[in-house]
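Working notes, beginning with the structure itself.
Quick note: the coordinates plus some simple rules give every number you see, no bench work behind them. On a predicted model such as this, the values are computed, not experimentally measured, just so you know. Note that each Cβ is placed from the backbone with ideal geometry, even for glycine, and that neighbours are counted across all protein chains shown.
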Amino acid sequence: MLKRVELLAPAGGYETMVGAFNAGADAVYLGGSKFGARAYADNFDTQQVLDAISYAHLHDKKIYMTVNTLVKEKEIGQVYDFMLPFAENKLDGVIVQDYGVMRLIRDEFPDIELHASTQQTVTGVYGARLLKELGCCRVVPARELSLMEMQAIREKAGVEVEAFIHGAMCYCYSGVCLFSSMVGERSGNRGRCAQPCRLPYQIQGKKGDETYPLSLKDMCTINIIPELIRAGIDSFKIEGRMKRPEYAAGVTSLYRKYIDMYYENPSGGIRVSDEDMEILKGLYLRTGISEGYYHQHNGRNMVTISSPAYNGTSDKVLTMVRDKYLQGEQKIKCTIDAYLTLDEAAVITMTVNKDGEDLVETVTGNDVQAASKRPMDEDAVIKQLNRLGNTPFDAESINVSIEDKGNGNGIFVPASELNELRRLLTEQMLESLSAHSKRQLDNKDAYLTTSVAGSSEELPRKDKKYRQIYAENERKGDYHILVNTRPQLKAVLNSISEYGSKLRIYVDSDLFFSIDEGLAARVMSFAGENAAEFIVALPFVTRQEEFDGCGDILDIINNAASKGFTGILVRNLEQLGFVREHSYRGTVILDYGVYVWNQHAAELLNELNNVDGSFRIDEISVPLELTIHEAKELSKALDARKLMPRTYNIYGRTPMMVSAGCVKKTMDKCSGKLHQFNREETRLIDRMGNVLPVTTNCRNCYNVIWNAHPTSLHKKLDSIRNTELFDHFRIDLTTESMEESALVLGAFLHGDKSAFEAIEQKGYTTGHFKREVE
């Protein structure tokens, strides 16, 4: 028998949840009053979440809660109290992004399933396996994955796969988008995305009106349901917690229809009617739809181009959906049996089937009397017992047994007594069902909510070797420099030979593969003469093909040393899982995209260090969305726990988007250089006239959209250094020419005042140094 796929619907409010269940959803995902990635949805307060859990479990449905934002150090202590009532009431699962939240829920509420959010940017088997090891039983992979990649995760990672099948699509890989945050204060990682991808942009150098090159069409996969099921996907997820109840119910009902149609005849396929497609298009879909990335990596046909607007909605469709699915809560099916025997106590039972088990409740009344006038018949009893309108029950059958012991006059039970027995019976059954759904927690007071606490003696044994190594290191505040191009690398080699302190130079992986023997020899010579360390910066995104066989990442970890490179900058979970599985012994630094916003996140990642030293995370990078105050809070907490050394970024353009979509391909044509070292630049102009560089990474087939201005903290450098909380300071050279790179290096490494003035004249931002994200 085929395992049936779960149909998972969104709910921004209680009515939406009820409508989705009425329409056939097996589970609903919703957000509470905190920590959810849709801060502008109606969302549920604590009591509403508890009511939702109770309602769902009464109907053999599931509730998954989104706790899928990044959580600051000052907030992490609130998570336990926030989650406790939901855990006690048997919340089925939690969708998480933050590693610290993951660790806390895993350790404190082990009965709640952990589902890794699409915000964790899972792009393959290695990241999924790593998350399984850390406690997740399900992952929501990046929407950008192909059907084959989804299937590989399901078959090789040993975790359930939850995949989006319908709704809006982000242009950027979820979890790595900083666009909204950098142009304002509304962070997508905090559930407050302002959707700059839906705004118009011009392509620099191209004539014509503004277009919408970053606005993807909505996903609609109803025609490929059989393929998705056969790929082994466990849960079909409908996007849309901010949309109306009619959307959730209407879309759910149609996917329910065609999923069931497939299971009725798996070999026969399905054919979606034109009428049903029109209904879907009339339920808040954008002007164009696509099947997402399941069968293509990118393309112009996935982008709205001319308009990001929604289709008009059909009043007829909305009325139909409301009338059919939004008319109140479902009833719990039950059977009632009444045994009325003369001179014996009246006995009434109610039976409800729960999880394949019959729950039976019984109430007993007064002795049944002989009728003095008109005897009571079965219909009269049924009429009283069937008055269940204000209860959650619906009697499928009511069986009445009357025994008057042959007195000839019949029996009589007052209607008021039958009503009271019915009331008591429904209350008892509700209590029984509720108890069936609740769990008791033994460790309510076990969680320490203070942000900075504990000593090394209290820490897990696996951490001690690492912390001892860290404790011996002196915090020198030296510079790290990242380069993306050959001219930038040459600028580094030419400019910093006079710099007195130790340097670390990160070389983008694209550039690494282009290094010939001559340049490799120069790198090795420079490293020896200047006490410099060279590190390969892995791609922002890696897909399965880059690991298979003799893929890029394997090539790097096997051959980097031969070119003078001693370590890697890890930029995502996929890479972290891969290098750990391969017991990479070089230096491992986590980039700012492997988010450590709180001490619990660092603790979770610290678990990945092998006691035998075969793998170790050496350093982390402070996230770009933290203010200096928040970064200091985090650093103090990590120092108190003797956790990882950290790097603080002081210069560089922020990568605001990393996308599978290609602006150049969409608005012009593909370079045709897939898997080759090819870095080209396009420029977008926003409504304010800001010019956003867009670089292509053809080797790994993704785009990076950079901020219009670099973040430069040159005026804050002394105050940052004086905190003595950061181990290293990083300079990222992204789109700079050789001359511009030399200018930046002169400013920061040598304190050249004229170079600082040149940076200011070109324009810069201080990013989130003081500007806190919401």
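Here are some notes:
- Model label zone, Asp478; criterion: amide N under 18 Å from point 7 Å along Cα-to-beta-carbon; scope the stretch 573-601: 586-590
- Sites Lys770 and Asn610, calculated FRET efficiency, Cβ-Cβ separation with R0 41 Å, nearest 0.05: 0.55
- Ellipticity estimate at 222 nm from DSSP helix runs (n ≥ 4, -39,500 (n - 2.57)) divided over the chain, nearest 500: -9500 deg cm²/dmol
- Nonlocal amide H pairs with Leu359, under 5 Å, H built at 1.01 Å: Val352, Asn353, Lys354
- Among Cys170, Ser372, Ser741 the positive-end extreme of the charge dipole of the chain (Cβ point charges): Ser741
- Summing Lys and Arg as +1 and Asp and Glu as -1 over all other residues whose Cβ lies under 10 Å from the Cβ of Thr335 gives a net charge of -2.
- The slack between Thr46 and Ile382, meaning 0.36 nm per residue of separation minus the straight C-alpha distance, is 117.1 nm.
- Computed from the C-beta positions of Glu396 and Ser416 and an R0 of 22 Å, the FRET efficiency is 0.30 to the nearest 0.05.
- The residue list Tyr262, Thr485, Leu228 was ranked by how far each Cα lies along the charge dipole of the chain toward its positive end, using unit charges on Cβ atoms, and Thr485 comes out on top.
- Listing Ser621, Ser495, Ser434 from fewest to most neighbouring C-beta atoms within 10 Å gives Ser434, Ser495, Ser621.
- Rounded to the nearest whole Hz, the Karplus-based 3J(HN,Hα) values (6.51 cos²θ - 1.76 cosθ + 1.60, θ = phi - 60°) of the stretch 128-145 follow the sequence 5, 5, 4, 5, 4, 4, 8, x, 7, 9, 8, 10, 10, x, 4, 4, 6, 6, with x at glycine and proline.
- Packing here is the average count of other Cβ atoms within 10 Å per residue, and on that basis the peptides 397-406, 8-17, highest first, run 8-17, 397-406.
- Packing-based order for 116-125, 586-595, 103-112, using average beta carbon neighbours within 10 Å, highest first: 116-125, 586-595, 103-112
- Residue-wise HN-Hα coupling along the stretch 418-423, computed from phi with Karplus coefficients 6.51, -1.76, 1.60 (Hz; x: Gly, Pro): 4, 4, 5, 5, 5, 5
- Dipole magnitude for the chain: computed about the Cα centre from +1 point charges on Lys and Arg Cβ and -1 point charges on Asp and Glu Cβ, it is near 2360 debye.
- Neighbour counts of C-beta atoms inside 10 Å place Ser514, Ser659, Ser416 in the sequence Ser416, Ser514, Ser659, starting with the fewest.
- Cα-only radius of gyration and Dmax that characterise the stretch 332-437, units Å: 14.2, 47
- Under 18 Å of direct C-alpha separation, and excluding same-chain neighbours fewer than eight residues apart, Lys753 reaches these lysines: Lys715, Lys716, Lys762.
- Paramagnetic label reach from Thr335 (point 7 Å along Cα→Cβ; backbone nitrogen cut-off under 18 Å): within the stretch 343-369, residues 347-363.
- Met148, Met65 arranged by Cβ crowding within 10 Å, fewest neighbours leading: Met148, Met65
- The modelled label-to-label distance between Asn223 and Asp276, using points 7 Å beyond Cα along the C-beta direction, is 1.4 nm.
- Peptide ranges 130-138, 49-57, 163-171, 338-346 listed from the most packed, as the mean C-beta count within 10 angstrom indicates: 163-171, 49-57, 130-138, 338-346
- Each of Ile556, Val588, Ala531 was scored by the projection of its Cα onto the charge dipole of the stretch 523-618, and the greatest displacement toward the positive side belongs to Ala531; charges sit on the C-beta of Lys, Arg, Asp and Glu.
- The value of relative contact order for the chain, using C-alpha pairs under 8 Å at least six residues apart, is 15 percent.
- DSSP bridge analysis restricted to the chain gives an antiparallel fraction near 35%, rounded to the nearest 5.
- Alpha-carbon centroids, the stretch 389-419 and the stretch 525-557: separation in whole Å: 79 Å
- Cβ charges +1 (Lys, Arg) and -1 (Asp, Glu), total dipole of the stretch 711-764, debye: 160 debye
- Note on the stretch 332-437: with charges restricted to the Cβ of Lys and Arg (+1) and Asp and Glu (-1), its dipole about the Cα centre is near 400 debye.
- The amide H of Phe393, built 1.01 Å from its N in the peptide plane, has Ile332 as neighbours under 5 Å, considering only residues 5 or more places off or on other chains.
- Rounded to the nearest whole Hz, the Karplus-based 3J(HN,Hα) values (6.51 cos²θ - 1.76 cosθ + 1.60, θ = phi - 60°) of the stretch 62-73 follow the sequence 10, 10, 10, 9, 8, 10, 10, 10, 7, 10, 6, 4, with x at glycine and proline.
- Near Ile505, the amide H atoms lying under 5 Å from its own belong to Ile481, Glu533, Phe534, Ile535; only residues 5 or more places off or on other chains count, and H is placed 1.01 Å from N.
- Approximate spin-label separation Ser525-Met148, in nm, with each point projected 7 Å along Cα-to-Cβ: 4.5 nm
- Potential lengthening between Thr566 and Glu760 on full extension [0.36 nm per residue; Cα-Cα distance subtracted]: 66.4 nm
- The slack between Glu344 and Arg230, meaning 0.36 nm per residue of separation minus the straight C-alpha distance, is 35.1 nm.
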